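Enquirer: I'd like to ask some things about the structure below.
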């Protein structure tokens, strides 16, 4: 029981990070460092709550959230790829736009800069409790998880399939490896990059929807709290490889869950909240350390002399 | 002479055009949502000059943006995409407050100087970490500085809600620091910290150091082409680390000036994302130290102006965040026909 509770908590923590990591991964493979996942997630979370409150239609809220994130990603792609802006600056701009825009809408239309808390909010589909009794430990951990969690778990292998087993994936990776060469063999580079960015928007939209719609059913201006950046760190930690990236997302989610557990032991909440950021930073350092050790050339005659 | 002026004019034209376009777009938005758009925009742009106390607040707001912006100039000129200004600022502010509280009986200049020293060291440390990680292990500095921001903010929040918490005050604030650590106001401008004067003086010094010394040339060489720099005998890694120390130190100094000259205590929510705005300001100035003077003042003007606007009219201040988003999003965009020179 203890184990499956902890596993459920790990899944909780991991899902948004995993989706953000996959979002960052797919653009990384097209050679775009995507810091804008954070902003796309935030917009999705806001739209999910705003539409759900207005219509009480859960499917509509979910679709609008994902669609909004895709539109944000296309705006980012348009500026960074078509207009060739620096994609880190443009990505940070998108994040500022997302934070400023949602706050502006909160103040202007809801008269409450503190957040949006509907009295009623439709519930999304969760795995019915008791339906997975037959599976020890894992079953109870998956029960009561939202369908977005299941989707995220499925998207990890699917993204590997996309990248390594489809012509689209080949083209996308070719663009990421060598743009000139890709162009020379007739790959439409701009279109490929826009596809990667749009896919990241879709994944970021799922992450934002999960954050807002799974249990909380409200929106707060700083709700994403850097999960998009942690996802990016997971991607870099995993070297842009689907399985390693997924593993890194689970690792950071594990530390998040561990932090939650420590809170029960009266550890200060700030140190608990710090756990995934610390894990991501240290993880990145370790990953680069190993890469540096691997790539270090064999010692030759000292260059100084 | 004319060539120089022309180059300067061209360098200024781009940022001015972008700012004008965003302000114009903002005015259209205000026209749509507000019943009193003229008052709103007048407040946004001019309310800082309505009274001496408004102007003092404007000066105080310029100070951190200017220092962080100058720090960003150093790091970016050395080729490091330092997004960690916020964390460096917070660590500096916390170090200043902690040092001042640890030395309750230090007389005036000593207490302040010790606090400033501690703040610069703390900020520089928080810049040094991503610098070293980039040089030694090729860890991406965008991600490492973003992570370090969260770690710094959570660390200061822990400190200010536990050991340094002033129980008698509302919110997450530290005890008031002893008088010996306060830095003076600008004479004739009550409430405005003299730290702002120091910040303004640092801008031309930064320009001299970067553009009129061999050291600055080496630093910029490391930033523009690392391999070339190494080939002509510049230790690019060392330049990068030095640039990050300066960058973090300047942000830390901003934190010290805030605590010692404005808040007189550490407040967890003292920064409305100064780090990100400082970055915006530096990029808007095309990474030119003198340009940062202008862009930092402009942003301070608009940030404070928005607050007056919200009081007087029905336009929310977050419109500045919204417009800043568009500004940064499009700032480095290159329209095909060179409408805006980059």
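The values are calculated or read from the model by the stated rules, or taken from the named source; none is laboratory data. Everything quoted here is computed from the prediction, not taken from an experiment. Here the Cβ is made from the backbone with ideal geometry for all residues, glycine too, and neighbour counts use every protein chain on show.
Enquirer: Check the range A:67-78 and report whether any residue there is facing chain B (nearest Cβ under 9 Å), on the phi < 0 side of the Ramachandran plot, buried (at least 22 other Cβ atoms within 10 Å of the Cβ) and in a helix (DSSP H, G or I).
Expert: Yes: one or more hits.
Enquirer: For the range B:64-82, give me each residue that is within 13 Å of chain A (Cβ to nearest Cβ) and closer than 12 Å to residue B:277 by Cβ.
Expert: B:72
Enquirer: If I filter the range B:46-54 for residues that are within 14 Å of chain A (Cβ to nearest Cβ) and either closer than 20 Å to residue B:332 by Cβ or touching a residue at least 60 places away in the same chain (Cβ under 8 Å) (or both), do I get at least one hit?
Expert: Scanning the range B:46-54 turns up no residue that is within 14 Å of chain A (Cβ to nearest Cβ) and either closer than 20 Å to residue B:332 by Cβ or touching a residue at least 60 places away in the same chain (Cβ under 8 Å) (or both).
Enquirer: Okay, moving on. Hey, among A:18, A:60, A:22, which residue is in contact with a helix residue (DSSP H, G or I) (Cβ under 9 Å, 6 or more places away or on another chain), away from every other protein chain (no Cβ under 13 Å), over 25 Å from residue A:275 (Cα atoms) and part of a helix (DSSP H, G or I)?
Expert: Numbers: A:18 fails: over 25 Å from residue A:275 (Cα atoms); A:22 fails: over 25 Å from residue A:275 (Cα atoms).
Going through A:18, A:60, A:22 in turn, just one is in contact with a helix residue (DSSP H, G or I) (Cβ under 9 Å, 6 or more places away or on another chain), away from every other protein chain (no Cβ under 13 Å), over 25 Å from residue A:275 (Cα atoms) and part of a helix (DSSP H, G or I): A:60.
Conditions tested, residue by residue: (1) modelled with pLDDT of 80 or more; (2) over 14 Å from the mean Cα position of the chain (by Cα); (3) part of a helix (DSSP H, G or I).
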| residue | (1), (2), (3) |
| --- | --- |
| A:225 | yes, no, no |
| A:229 | yes, no, yes |
| A:235 | yes, no, yes |
| A:243 | yes, yes, yes |
| A:246 | yes, no, yes |
| A:249 | yes, no, yes |
| A:253 | yes, no, yes |
| A:266 | no, yes, no |
| A:270 | yes, yes, yes |
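Enquirer: Of the residues A:291, A:279, A:267, A:287, only one is under 21 Å from residue A:2 (Cα atoms) and within 11 Å of chain B (Cβ to nearest Cβ); which?
Expert: Result of the check over A:291, A:279, A:267, A:287: A:267.
Residue-wise test of (1) more than 12 Å from every other protein chain (Cβ to nearest Cβ); (2) free of Cβ contacts under 8 Å to residues at least 40 places away in the same chain; (3) under 26 Å from residue B:229 (Cα atoms).
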site: B:108; (1), (2), (3): yes, no, no
site: B:120; (1), (2), (3): yes, no, no
site: B:154; (1), (2), (3): no, yes, no
site: B:158; (1), (2), (3): no, yes, no
site: B:162; (1), (2), (3): no, yes, no
site: B:173; (1), (2), (3): yes, no, no
site: B:178; (1), (2), (3): yes, no, no
site: B:183; (1), (2), (3): yes, no, no
site: B:187; (1), (2), (3): yes, yes, no
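Enquirer: Out of the residues in the range A:87-105 that are over 21 Å from the mean Cα position of the chain (by Cα) and facing chain B (nearest Cβ under 8 Å), state the one that is farthest from residue A:206 (Cα to Cα).
Expert: Restricting attention to the range A:87-105, the residues satisfying the condition of being over 21 Å from the mean Cα position of the chain (by Cα) are A:103-105.
Keeping just the survivors that are facing chain B (nearest Cβ under 8 Å) gives A:103-104.
Numbers: A:103: 21, A:104: 23 Å.
In this case the residue turns out to be A:104.
Enquirer: Name every residue in the range A:183-193 that is farther than 21 Å from residue A:24 by Cα and in a helix (DSSP H, G or I), in order of residue number.
Expert: Matches in the range A:183-193: A:183, A:184.
Enquirer: Taking the range B:13-39 as the region of interest, how many residues are part of a helix (DSSP H, G or I), over 17 Å from residue B:324 (Cα atoms) and in contact with a helix residue (DSSP H, G or I) (Cβ under 8 Å, 6 or more places away or on another chain)?
Expert: Count: 4.
Enquirer: Please go through (1) more than 9 Å from chain B (Cβ to nearest Cβ); (2) more than 20 Å from residue A:19 (Cβ to Cβ); (3) exposed (fewer than 15 other Cβ atoms within 10 Å of the Cβ) for residue A:258 and return the number of the only condition it doesn't satisfy.
Expert: Going through (1) more than 9 Å from chain B (Cβ to nearest Cβ); (2) more than 20 Å from residue A:19 (Cβ to Cβ); (3) exposed (fewer than 15 other Cβ atoms within 10 Å of the Cβ) one by one, residue A:258 breaks only (3).
Enquirer: Okay, moving on. Looking at the range A:203-223, which of its residues are in a helix (DSSP H, G or I) and either more than 12 Å from residue A:20 (Cβ to Cβ) or touching a strand residue (DSSP E or B) at 6+ places or on another chain (Cβ under 6 Å) (or both)?
Expert: A:209, A:212, A:213
Residue-wise test of (1) over 20 Å from residue B:144 (Cβ atoms); (2) under 23 Å from the mean Cα position of the chain (by Cα).
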| residue | (1), (2) |
| --- | --- |
| B:212 | yes, no |
| B:221 | yes, no |
| B:225 | yes, no |
| B:231 | yes, no |
| B:235 | yes, no |
| B:238 | no, no |
| B:242 | no, yes |
| B:273 | no, yes |
| B:281 | yes, yes |
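Enquirer: Please report, ordered by residue number, the helices (runs of 4 or more DSSP H) entirely within the range B:190-294 with at least 2 residues that are within 14 Å of chain A (Cβ to nearest Cβ) and modelled with pLDDT under 90.
Expert: The qualifying helices (runs of 4 or more DSSP H) are B:226-231.
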